[in-house]
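These notes concern the structure reproduced below.
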Amino acid sequence: MKSLRWRYTRLPSQVEDALSGEEDKEEEEEKEEETTPAPAPVPECPVAPQLAGASQVLGASEMSQLSLHLPPRVTGYSWRLAFCTSRDGFSLRSLYRQMEGHSGPVLLVLRDQDGQMFGAFSSSALRLSKGFYGTGETFLFSFSPQLKVFKWTGSNSFFVKGDLDSLMMGCGSGRFGLWLDGDLYRGGSHPCATFNNEVLARQEQFCISEVEAWVLS
């Protein structure tokens, strides 16, 4: 019985020691938390991307807004102006040539003769193709005047298709979300199942004033 009593009298001491140790650990953890610097706050305003070239279509504000909707994998990528009609001419073939050697992604931006700005993000470089290509990262956008972004709906996989005579992005019921002719002079935009988009320009048919293709890498 003495042995049992001795053990009984030692238990509270052991518990107190354990509790005391836990309190010491908590105090140490609290001190560590106090000394650990708080994470940097997320900036409220979007940050403009690093550019290699000057845009004749988008300003710094529009580019910053667009950068918030790009896939996470391209965060921090620089934007290089691979093609622009003011430098390379109004030719779809010329655009394809400037895309050679690039695997993408590409931001295509346009301004029509009404002053409307719109375009598309392609997950891979724009190229000639027998069928549609791309991934669900592809989207359409317009500034009318506020930015509107039309992401993939999952309805189909008609992302991008490049012919010698036209470039098409998004499709449904025989209509394209965005298409450009071979001379990069005329284009069109219709609601389509791929992106469930609105008409990007003020009218379904438009005349192009400027086209730019930015390679993100």
## Note on the structure
By residue number, the members of the stretch 151-170 that are over 20 Å from Ile208 (Cα atoms) and surrounded by fewer than 21 Cβ atoms within 10 Å (Cβ to Cβ) are Lys151, Trp152, Thr153, Gly154, Ser155, Asn156, Ser157
### Summary
Of the residues in the stretch 72-97, those that are within 22 Å of Thr135 (Cβ to Cβ) and either of a type in the set (Phe, Trp, Tyr) or modelled with pLDDT under 95 (or both) come to Pro72, Arg73, Val74, Thr75, Gly76, Tyr77, Ser78, Trp79, Arg80, Phe83, Tyr96
### Task
All but one of (1) free of Cβ contacts under 8 Å to residues at least 12 places away in the same chain; (2) in contact with a Gly (Cβ under 9 Å, 6 or more places away or on another chain) hold for Cys84, so report the exception by its number.
(1)
### Message
Going by what's in this entry, would Thr194 be described as open to solvent by less than 60 Å² (accessible area, probe 1.4 Å) and either under 21 Å from the mean Cα position of the chain (by Cα) or closer than 19 Å to Leu92 by Cα (or both)?
### Response
yes
### Query
For the subset of the stretch 197-210 comprising residues that are part of a loop (DSSP other than H, G, I, E, B) and of a type in the set (A, V, I, L, M, F, W, C), which member is surrounded by the most Cβ atoms within 10 Å (Cβ to Cβ)?
Leu200
### Task
Working carefully through the options Ser122, Ser129, find the one that is touching a residue at least 12 places away in the same chain (Cβ under 8 Å) and farther than 19 Å from Gly188 by Cα.
Ser129
### Query
When you look at Phe121, is it of a type outside the set (Ser, Thr, Tyr), in contact with a Lys or Arg (Cβ under 6 Å, 6 or more places away or on another chain), open to solvent by less than 10 Å² (accessible area, probe 1.4 Å) and at pLDDT 95 or above, yes or no?
no
#### Entry: Residue ID - nearest to Leu128 (Cα to Cα), chosen from residues in the stretch 171-185 that are open to solvent by 40 Å² or more (accessible area, probe 1.4 Å) and in contact (Cβ under 8 Å) with a residue 40 or more places away in the chain
Asp183
## Note on the structure
Within the stretch 171-194, the residues that are of a type in the set (D, E, K, R) and over 20 Å from Glu210 (Cα atoms) are Arg175
### Summary
Taking the stretch 61-93 and keeping only residues that are part of a loop (DSSP other than H, G, I, E, B), open to solvent by 30 Å² or more (accessible area, probe 1.4 Å) and under 23 Å from Glu210 (Cα atoms), one is left with His69, Ser78, Phe90, Ser91
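The values are calculated or read from the model by the stated rules, or taken from the named source; none is laboratory data. Just so you know, these numbers come straight off a predicted model, no measurement behind them. Please note: Cβ atoms are built from the backbone with ideal geometry, for glycine as well, and neighbour counts cover all protein chains shown. What goes into the accessible areas is simple: the full protein's heavy atoms, side chains included, and nothing from ligands, DNA or RNA. Shrake-Rupley method; radii C 1.70, N 1.55, O 1.52, S 1.80 Å.
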